[in-house]
């Protein structure tokens, strides 16, 4: 039964994220791996309050930033999926991998 490796890539640096996604797509094309995606998610805008001190209610303007997310699915090609999951990524890009085994109809 084939495995599907789902990669979730997140970064506040959109250019770095797009560069990593491009590298994965190019490598998959060279290796002949089946790739679904990248599927962009809507950007997540976050705001973090900043306090002037521990014992005061005074605050500074909140720190605001955007997190960009892309998901990619690698169908089969287990060695390629494992290699991509083990790549060394830039510090600004966070990668998580989830592996799911597909079952055929009628399998228990």
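Remarks
- Matching residues in the range 67-78 - criterion: being out of contact with any helix residue (DSSP H, G or I) (no Cβ under 8 Å at 6 or more places or on another chain) and modelled with pLDDT of 90 or more: 67, 69, 71, 73
- Residue that is modelled with the highest pLDDT, among those in the range 79-89 that are part of a helix (DSSP H, G or I) and in contact with a strand residue (DSSP E or B) (Cβ under 6 Å, 6 or more places away or on another chain): 81
- Counted residues, the range 38-63 - those being within 28 Å of residue 5 (Cβ to Cβ) and without any contact (Cβ under 8 Å) to a residue 24 or more places away in the chain: 2
- The residues of the range 21-38 that are loosely packed, with under 12 Cβ neighbours inside 10 Å and closer than 26 Å to residue 102 by Cα, listed by number, are 26, 29, 30, 32.
- Residue count for the range 40-70, restricted to those that are closer than 16 Å to residue 9 by Cα and surrounded by 11 or more Cβ atoms within 10 Å (Cβ to Cβ): 9
- Within the range 90-105, the set of residues being in a loop (DSSP other than H, G, I, E, B) and in contact (Cβ under 8 Å) with a residue 40 or more places away in the chain comprises 90, 92, 102, 103, 104.
- Pick from the range 90-105, criterion modelled with pLDDT under 90 and surrounded by 10 or more Cβ atoms within 10 Å (Cβ to Cβ), ranking: farthest from residue 23 (Cα to Cα): 103
The values are calculated or read from the model by the stated rules, or taken from the named source; none is laboratory data. Quantities reported herein were computed from a predicted structural model and do not represent experimental measurements. FYI the Cβ positions are ideal-geometry reconstructions off the backbone, even for glycines, and counts take in every protein chain you see.
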